[in-house]
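The block underneath contains the structure these notes are about, expressed in C-alpha cells.
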Amino acid sequence: MAIPEDIDAKFRWLDKTEYPFTSNFYNLNGHNLHYIDEGHGETILFVHGTPSWSFDFRNVIKILKSSFRCIAIDHIGFGELWARRQSIADKPALFIWGMKDPIIKKHYLEKFVSGFTNSTTVELETCGHFPQEEQPEEVMKAISNLHCSSR
C-alpha cells in the first residue's frame, strides 16, 4: 500500500539511526496498519504490547534481520487483532513475559497462553513491562531457542 502523504511529518522527530526501517502500510477495514518488514529467511512476527509500538523491537530486529525476515506491526486497536486470533490459535506462539511488570500482571499471561494450543512461555523474573528493551539478549535467546526447537 502507498505510504500516506503525511508520514514524513508524523515521523520527522524520529532518529533514523535508531529506527532505520522502511514504513509499510496495509489497509485493514479502512485503517492504515503500519508495519516494518526487514531481512530475509524464516519469518518472525513481532507484536508489541501497550502502550508501545514496533520501535521497542528495533534493537532485536537490527540483529535478527541478517538471518530472519522480521515483521513488526503497530496495533490499530487490540480488538481488531484479537478478533482474528482464532485463525492463529494453533500456530506456534512465543510469549515472553516480564514477571516484574507493574502494568500487566501474570494472570493476564495465563489468560493469553490459554488461547494458544502450541505456545511456549519464557518468564523473565527480573524484567518489567518492556522485555525487548530491558533484556534484548534474553528476548533474542528465547526466539533462537524456539526457532531451533521447531526444526
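The values are calculated or read from the model by the stated rules, or taken from the named source; none is laboratory data. In this text, all values refer to a predicted model and were calculated from it rather than measured experimentally. Glycine gets a Cβ as well: all are built from the backbone with ideal geometry, and neighbour counts include every protein chain shown.
Residues checked against (1) surrounded by fewer than 17 Cβ atoms within 10 Å (Cβ to Cβ); (2) not small (Gly, Ala, Ser):
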{"residue": "30", "(1), (2)": "yes, no"}
{"residue": "44", "(1), (2)": "no, yes"}
{"residue": "47", "(1), (2)": "yes, yes"}
{"residue": "52", "(1), (2)": "yes, no"}
{"residue": "55", "(1), (2)": "no, yes"}
{"residue": "67", "(1), (2)": "yes, no"}
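Restrict the check to the stretch 1-14 and report whether at least one residue is in a loop (DSSP other than H, G, I, E, B), modelled with pLDDT of 70 or more and not hydrophobic (A, V, I, L, M, F, W, C). There is no residue in the stretch 1-14 that is in a loop (DSSP other than H, G, I, E, B), modelled with pLDDT of 70 or more and not hydrophobic (A, V, I, L, M, F, W, C). With the structure loaded, tell me whether residue 41 is within 19 Å of residue 141 (Cα to Cα) and in a loop (DSSP other than H, G, I, E, B) or whether it fails that test. Taking the combined requirement at face value, the residue satisfies it. For residue 78, the criteria (1) modelled with pLDDT of 70 or more; (2) under 23 Å from residue 117 (Cα atoms); (3) hydrophobic (A, V, I, L, M, F, W, C) hold in every case but one, which is (1). Taking every residue in the stretch 51-62 that is within 17 Å of residue 128 (Cβ to Cβ) and pairing it with any residue that is part of a helix (DSSP H, G or I) and acidic (Asp, Glu), at least 6 positions away or on another chain, the pairs with Cβ-Cβ distances below 7 Å are 56/133. One residue stands out among those in the stretch 107-140 that are part of a helix (DSSP H, G or I) and exposed (fewer than 13 other Cβ atoms within 10 Å of the Cβ): the one that is modelled with the highest pLDDT, which is 137. Looking at the stretch 26-49, is at least one residue at pLDDT below 80 and either charged (D, E, K, R) or under 19 Å from residue 124 (Cβ atoms) (or both)? Yes.
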